[in-house]
1. Output the residues belonging to the stretch 12-35 that are surrounded by 11 or more Cβ atoms within 10 Å (Cβ to Cβ) and closer than 29 Å to Leu107 by Cα.
2. Can you work out which of the residues in the stretch 31-43 that are touching a residue at least 60 places away in the same chain (Cβ under 8 Å) and in a loop (DSSP other than H, G, I, E, B) is farthest from Ala145 (Cα to Cα)?
3. When both residues are 6+ apart or on different chains and their Cβ atoms are under 7 Å apart, which pairs have a first residue that lies in the stretch 1-30 and is modelled with pLDDT of 95 or more, and a second that is in a helix (DSSP H, G or I) and open to solvent by 60 Å² or more (accessible area, probe 1.4 Å)?
4. I need the full set of residues from the stretch 57-79 which are among the hydroxyl-bearing types (Ser, Thr, Tyr) and open to solvent by less than 50 Å² (accessible area, probe 1.4 Å), in order please.
5. Return the residue satisfying two criteria in turn: it lies in the stretch 36-49 and is open to solvent by 30 Å² or more (accessible area, probe 1.4 Å) and of a type outside the set (A, V, I, L, M), and of such residues it is farthest from Gly136 (Cα to Cα).
6. Does Val54 satisfy the criteria of being open to solvent by 20 Å² or more (accessible area, probe 1.4 Å), under 30 Å from Ile31 (Cα atoms), more than 17 Å from the chain's Cα centre (by Cα) and of a type outside the set (S, T, N, Q)?
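The values are calculated or read from the model by the stated rules, or taken from the named source; none is laboratory data. Predicted model only: the values in this text are computed from it and were never measured. Using ideal geometry, Cβ is built from the backbone for each residue, glycine included, and neighbour counts are taken over all protein chains shown. Accessible surface is based on the protein model in full, side chains and every heavy atom, while ligands, DNA and RNA are left aside. Shrake-Rupley method; radii C 1.70, N 1.55, O 1.52, S 1.80 Å.
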Amino acid sequence: MKRFFDWVNAILLLCMIGAASLVWPDLPDRIPVHFGIDGRPDGWAEKSLTSWFVLPGVAVALTFLMGAVRALLSRNPRWVNLPDRTRVSDLPAQAQGPVLEMISGFLALIQTELLVIFGLIQLASYRTATGGESQGIMILVLLLAVPTSPFLLVVFFLRLQGALDRGRKLARRAQAGVAGGDGFG
């Protein structure tokens, strides 16, 4: 699952940067940079590289940050800061794999959600700047962000419990193999 989301995230990031670059020459002198809760633009800025490419820049930074966090967590399981983090760090090294893999996959999924939201906001900014309607897109952004975030947290904690259970089973098997002799060596 993690590899799938890594590919999706790479494609989303490239599409966002490519689309922002492609439409840059067609933008008017004033572009929306903020939308209100009603989905209508309420903040404007002069067209500049900074004002237009800030969202793709944040998306690139997010991609590097998520990659760094995932790499650090796989090397340092004790840094997993969850409500019951000692259960992760107390597992033997070979049994931590399912938990760390699940956390890494979840972070990739969260990154996908954020990249989709950023892309939709960029699309809404373009549509508004060029005289089109964007309120529906911004309402979609709210629908993606507000209900899906708590849902993803519930799924995360349910999957975490399953990964912890798999890790404990692996630890028991490894311990039984050492205690009872596994026939090797």
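1. Leu12, Leu13, Cys15, Met16, Ile17, Gly18, Ala19, Ala20, Ser21, Val33, His34, Phe35 - these are the residues of the stretch 12-35 that are surrounded by 11 or more Cβ atoms within 10 Å (Cβ to Cβ) and closer than 29 Å to Leu107 by Cα.
2. Filtering the stretch 31-43 down to residues touching a residue at least 60 places away in the same chain (Cβ under 8 Å) leaves 31-33, 35, 37-41.
Cutting the leftovers down to in a loop (DSSP other than H, G, I, E, B) gives us 37-40.
Working: Ile37: 12, Asp38: 14, Gly39: 13, Arg40: 17 Å.
The qualifying residue farthest from Ala145 (Cα to Cα) is Arg40.
3. Close Cβ pairs (under 7 Å, with a partner that is in a helix (DSSP H, G or I) and open to solvent by 60 Å² or more (accessible area, probe 1.4 Å)) amount to Val23/Tyr126.
4. Thr63
5. The selected residue is Ser48.
6. Numbers: open to solvent by 20 Å² or more (accessible area, probe 1.4 Å): yes; under 30 Å from Ile31 (Cα atoms): yes; more than 17 Å from the chain's Cα centre (by Cα): yes; of a type outside the set (S, T, N, Q): yes.
When the stated conditions are applied, Val54 passes them.
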